[in-house]
Structure formats: structure tokens, C-alpha cells
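Right, one structure below, let's go through it.
No lab work stands behind these numbers, since they all come straight from the coordinates. Keep in mind it's a predicted model, so treat the numbers as computed, not measured. Neighbour counts are summed over all protein chains in view; Cβ atoms, including those assigned to glycine, are modelled from backbone coordinates with ideal geometry.
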Amino acid sequence: MSHDLQRPDRTGTAPGRPLILLLALACGIGVTNVYFPQAIVPLVAGGLRVTPSAASAVVTAAQFGYAAGIFLLVPLGDRLTHRRLIVTLLTITGLGLVVAGTAPTLPVLVAASALIGAATVVPQIIIPMTAGLVPADRNGAVTGTLLSGLIGGILLARAFSGILGQWLGWRAPYLVAAAATALLALILAMALPTTTPSSRERYPALLATSLRLLRTEPDLRRSALYQALIFAGFTAAWTSLALLVTGPDYGLGASAIGLIALVGAVSMFASPIAGRYADRRGPDPVNLVCMVAVIGAAALLITGSLGHAVGLIGLTAGMLVLDVAMQSGQVANQARIFALRSEVRSRLNTAYMTCAFLGGSIGSWLGVRIYSTFGWTGVCLLVAALAALALTRHLVGRRSDLCTY
């Protein structure tokens with residue numbers, strides 16, 4: 001017999017806009033810890049005297065750690081009070097960042113990165129928590145606002161680490177992030193609302209539910225597949241971009257990657273728009289536009305092989321389109337899954353995000369290998385191919401649904 005309580009974890013009143021904005025900021029700060037290493041891979045390589053390919057293991061470890069943390073820790077959002085869980089994870093993240101910032105060797109840094117990735121899953125607890133606190137007809141808009149903070153954090157993380165790392169060395173971003181994470185933990189300890197857990201199940205049962213939901217919920221599987229494919233292309237492009245921009249074709253510093261990311265951060269304003277559109281028209285049209293846009297972004301990114309100012313403009317424009325498409329698709333996918341079953345939102349998000357970040361981890365690993373063998377053009381073709389697979393599944397699935405109807 002299930003011990004789930006058939007009600008969302010409400011406090012009695014919906015959170016006001018100031019709290020929503022604070023939670024969006026928390027999502028942004030929390031997720032930076034997974035992404036800022038992407039911009040400083042060349043600096044890590046130089047500082048620890050290893051090859052850039054070896055240093056890229058730091059990025060892959062953080063992504064795999066994040067996927068593991070989503071699967072192992074996010075389900076606890078249905079079982080524990082959110083304030084306690086979130087503050088504890090932020091504390092562990094801060095300690096991991098201190099270890100990374102003082103790491104004497106690459107293996108220590110890789111291990112710390114995996115720990116940081118696993119503990120910094122706070123945004124994936126905040127998002128379903130907030131969905132349980134607002135009316136159903138606001139889920140898309142509120143999720144979009146939180147994801148704008150999340151994606152803003154992803155993009156600004158590269159600007160922050162690229163520029164700071166260029167000035168003060170690769171260790172500085174880790175230590176500054178540790179201080180920011182500690183401050184965030186203190187603020188959320190006071191600001192988070194009191195919530196009632198929606199489940200009394202034991203921990204093994206919580207994990208089993210996430211796997212069972214993947215088997216029993218077709219819309220969850222579909223959303224997870226879409227995001228895994230698109231996110232794999234996203235991480236492949238961003239991880240390889242650092243190698244391209246700092247390589248012989250451009251010869252720029254890590255700060256250049258940060259500036260490209262800074263331009264891309266404009267895209268975080270697209271998430272609330274995508275959320276409101278998904279509330280009105282449903283998530284499928286948003287997914288369709290986003291998949292086509294990723295293919296268009298890949299075409300723009302190929303111009304990066306030209307080098308010089310033309311190539312740099314193409315890279316910046318392509319990354320901007322890719323960022324907008326990825327985050328808008330994420331809004332649509334999460335709006336779809338949060339509408340399925342309110343009492344298991346954290347576990348729905350666990351299943352979805354685990355798949356997404358496994359895709360992202362594989363994309364990061366694959367992007368570096370393809371770049372080493374086929375160059376930047378090969379990476380762009382990978383981005384387009386992954387989006388084409390998602391688009392094919394989307395169109396075939398919709399045709400099948402229409403025929404069934």
C-alpha cells in the first residue's frame with residue numbers, strides 16, 4: 001500500500017512575487033556550480049599541467065555528479081521538509097567548492113567536482129516545490145520564471161568564471177562560488193516557507209517510484225527524451241566552444257567565452273514567455289519551435305569555423321539561439337510533467353532531470369571527442385543530428401496520436 005498523501009505540499013497561501021524572484025535567484029546561483037568549469041577548462045589544464053582533454057574530465061564529472069544527485073537526492077523533496085533539505089545540500093556544496101578551489105591535483109579536483117554536482121541539485125528541488133505552492137493555471141508561468149533564473153545562472157556562470165579566472169586564476173571562481181553558496185544557505189534558511197512532505201514512503205521506495213513513473217507515464221518518457229537529446233547538443237557545444245575559442249583559430253582567453261555567455265544570458269527572458277504560451281496553448285507547440293530552432297542554431301554555429309570577426313559573430317548568434325531554444329523546451333517539458341500527478345512532483349522531476357543530465361553528460365564527453373577528431377564542424381553536425389532525432393520523434397508521435405484519435 002502506498003503511503004503517498006494525495007495532496008500537494010501547500011502552506012495555505014501561494015508565494016508572492018518577491019519569494020518567487022528569490023527562488024529564481026537561488027536556482028541561478030545553485031546551478032552555476034555545475035556550469036562555470038566549462039569556461040575555465042584551458043586554465044585548469046595550464047594550472048595543473050595536464051592536457052585540455054584531461055582537464056575536461058572536471059566538466060564531465062560535475063555533469064555525472066549532477067545526474068546522480070538528481071536521481072538519489074531530489075526524491076527526498078517528497079519525503080523531507082524542503083527548508084531542511086535545501087539548506088543541508090547547499091552546505092555540502094559549499095564545502096565541496098572549497099575542496100575544489102584548493103585541489104592540488106586533477107584527480108582531487110575531479111572527485112570534488114562530482115561531489116559538487118551531486119549536492120548542487122537544489123534548483124531541482126525548488127522547482128517542483130514551488131509548483132506545489134501555486135495554482136495549476138500558473139505552473140507554466142512560474143516554472144518559466146524559475147527556469148529563467150536557472151538558465152541565467154548557467155549562462156552567467158561561464159561569464160563569471162571566464163573573466164574571474166582570466167584575472168585571478170582558475171581557483172578563484174571555486175572560492176567565490178563557495179562564499180556565494182554559504183550566503184544563499186543563510187538567506188534560504190530564513191526565507192523558505194514551511195512545507196508538509198507529500199509522501200511517507202521509505203527512501204528505497206522513493207527511488208523505485210521514479211523508475212516506475214518512467215515506465216508508466218508516456219508523457220514523462222517523451223519529455224525526458226526531448227530534453228536528453230537537446231541538452232546533449234547544448235553541453236557538447238558549450239564544452240567544445242572553450243577549446244575552439246582558446247585554440248589556434250581564435251587565440252582568445254577564457255574571458256572571451258564568458259563574454260559570449262554574457263550575450264547569451266539575454267535569453268533567460270524567454271523562459272517566462274515560453275511558460276505563458278505553454279499555459280495557453282500546451283507544451284507541444286513550444287517543443288516543436290524549439291527543436292527547429294536548435295537545428296537553425298547549429299547552422300549558425302558552423303560559421304565559427306571561418307574564424308576572425310565573422311566566425312565570432314556566428315558563434316555568438318548561434319549560442320544565443322541555442323540557449324533560447326534549450327531553455328524554452330525545458331519550460332514546456334516541465335509544464336507537461338508537473339501536470340501529471342501532483343503528489344509525486346519531485347519524483348517526476350527526478351526521473352525527467354536524471355535522463356536530461358545523463359544526456360548532457362554524454363554530450364559533454366562526446367563533444368570533446370568529436371571536436372578532437374572532426375573539429376568544430378563535427379560538433380555542429382552533432383547538435384543538429386540530436387535535434388533532428390527529437391524532432392522526428394515529436395512529429396511521428398503527434399501523427400500517431402492523431403491516427404489513434
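Quick look at the values:
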item: Length-normalised contact order of the chain in % [C-alpha pairs under 8 Å, at least 6 apart]; result: 26 percent
item: Charge dipole magnitude, Cβ of K and R +1, D and E -1 - the chain, Cα centre, debye nearest 20; result: 620 debye
item: Extreme residue, positive dipole direction of the stretch 192-249, given options A232, L243, P197 (C-beta unit charges); result: P197
item: Furthest towards positive pole of dipole, A114, I295, A172, structure part the chain, Cβ charges; result: A114
item: The stretch 146-177 residues near the modelled V108 label - backbone nitrogen below 16 Å, point 7 Å along Cα→Cβ; result: 170-172, 174-175
item: Size of electric dipole in the stretch 56-205: Cβ of Lys, Arg +1 and of Asp, Glu -1, about Cα centre, debye, nearest 20; result: 160 debye
item: Relative contact order (%) - the stretch 271-344, alpha-carbon pairs under 8 angstrom, separation at least six; result: 41 percent
item: Span-rule helices in the chain, defined as complete DSSP H runs reaching 24 Å or more along the axis (Cα) with Kyte mean at least -0.5; result: 17-35, 82-101, 139-168, 171-191, 218-245, 283-302, 308-338, 345-404
